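Before any comments, here is the structure.
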Amino acid sequence: MVPDTFVFPNLPLPKHWPRCVQAALLHVIALAQHALVHARGWAVNSPCLRIRQASPIDQLQQEAVLLREEARIKDVRWSLISAGQRPHYPPRERLAILELRGARGWSLAQTAKTFHLTAATISSWTKRLDEEGPDALLRLRHPVNKFPDLVRYIVQRLQTLRPRLGKVKIAQLLARAGLHLGATTVGRVRKQKPVPPPARVKPMASAKRVTAKRPNHVWHVDLTTVPTAAGFWIPWLPLALPQCWPFCWWVAVVLDHYSRRLLALTIFKRQPTSQQLRQFLGRVIARVGAAPKYLITDSGPQFTAVSFKTWCGRHNIHQRQGAISQHGSIAVVERFILTLKQSGTCLLPVVPLRRRSFLRELMLFKDWYNRRRPHSTLKGATPDEIYFGHRPACRAPRFEPRGAWPRGSPCARPQTLVKGQPGNVLDCKVGFVARRRHLPVVNLTGAA
């Protein structure tokens, strides 16, 4: 331990050293991280079981240390502001703080210290948990009954054009036009700050579209990278790590357009060649037992190669390429890749460096996505239900917890019949695929 009175000596740099020590420090840290990733890549493929197990443990430990350092740096800036001048937490974040307190088992003092508050403030929030209404101190993240700004603009515009109309009359006029609003909602919207008119969406240039009419009619194929260390940036030229293993995985996906089903995926250590993709697609066709009529790809070098076009012609496949530098030209597979990252790889504690481990995580996501995740485009059905022609689970007879609900009255879409008698007492069980918290499975049963 260094005493408070100790003074560190001023060590001058050698004459020929450049005076850029701080920049050199950043380079050394990045170089050390570069070496660590290489070492972990060697360790996960070691024949020794102990070394293979030590690599992911070391990766998780480093991630925990870096996250604590991020939190410490943010706390330093927060603590420099006096308590009276600090901005208040929004209502949604107050509730999130109490939720985190319950998950961590913190006391009032621990919670207050972590978020730079007082124990009395945390205690006051806890007592006001059940408040409701627009003035509630704590709120849920997304109100389910909030109308978009477009509705507010319509009401305010109608009030401007016809100022003598009351809130009841405006609600009745809109109801005749097909928009059902309560008179109290119209009155509240009239008092709010005017909103600007919604931006007009520019129509896209007309082009010949391919419409999927059945499963295996149209397939999408695309590539993406998943970094193993959360990023590619380094402080020296060319300012990016090489996009290959052990710094990232290349993931290839094949998606059926009609059912949105993920047919297959695989990983590569570096950007795959056209031959590797042709071999991968050949295995997919053999496993599925059918080849698509149309194959939609981007304009990457793997798909523009002459050998790839020849392969498509040999299998009677019509290749269609998305427009270069045009957003949305291959929107279906791009949206899936975004889901894969946001609901899959980004929620992993760390991206595994071992091929078998990472491929297992992707296969678990594939099974959950195809069997368990409802799809908005499919009106709540799952890709497997549409692909195999099964009846969607959302159209099965439903539970009705409202005891006085008339059996013949329609429910929220998709509309279906009531199971048993209205007034069911339900028991909700939330499970997880292979104990992965980001892959939930929800089951409702009638309570005994």
| said: Order these by the 10 Å Cβ neighbour count, fewest first: 379, 366. | reply: 379, 366
| note | In a Gaussian network model of the chain with springs linking alpha carbons closer than 10 Å, the residue among 292, 349, 383 that fluctuates most is 349
| If you build the Cα gyration tensor of the chain and take the root of 5 times each eigenvalue, what three semi-axes come out, in whole angstrom, biggest first? | 44, 39, 26
| query | Check residue 263: other-chain or 5+ apart residues with amide H under 5 Å from its amide H, H built from backbone geometry? | reply | 254, 255, 256
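Of all DSSP beta bridges located in the chain, what percent are antiparallel, nearest 5? Could you put the intermediate results ahead of the total?
Numbers: 22 of 30 bridges.
Bridges in the chain that DSSP calls antiparallel: roughly 75 percent.
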| Okay, which of region 414-433 sit inside 15 Å, backbone N to the point 7 Å along the Cα-Cβ direction of residue 394? | 414-417
| field | the chain, dipole about Cα centre (Lys/Arg Cβ +1, Asp/Glu Cβ -1), debye to the nearest 20 | value | 1660 debye
| request: Any of 167/193; 74/193; 293/379; 379/419 with alpha carbons more than 27 Å apart? Name them for me. | output: 74/193
| said: What distance in nm lies between label points placed 7 Å from Cα along the C-beta direction at residue 173 and residue 376? | reply: 3.1 nm
| Computed helical MRE - 222 nm, the chain, DSSP H runs ≥ 4 contributing -39500 (n - 2.57), nearest 500 | -13000 deg cm²/dmol
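Summing Lys, Arg as +1 and Asp, Glu as -1, what charge do residues with Cβ under 9 Å from the Cβ of residue 264 carry, residue 264 excluded?
+3
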| Which of the residue pairs 113/341; 269/309; 127/191 have a Cα-Cα distance greater than 27 Å in the structure shown? | 113/341; 127/191
| task | Would you mind putting 409-415, 252-258, 272-278 in packing order, based on average other-beta-carbon counts within 10 Å, highest first? | result | 252-258, 272-278, 409-415
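None of the figures in this text is laboratory data; all of them are computed from the coordinates on show. Remember, it's a predicted structure, so these values are computed and weren't measured experimentally. As a convention, Cβ positions derive from the backbone with ideal geometry for all residues, glycine included, and neighbour counts pool all protein chains shown.
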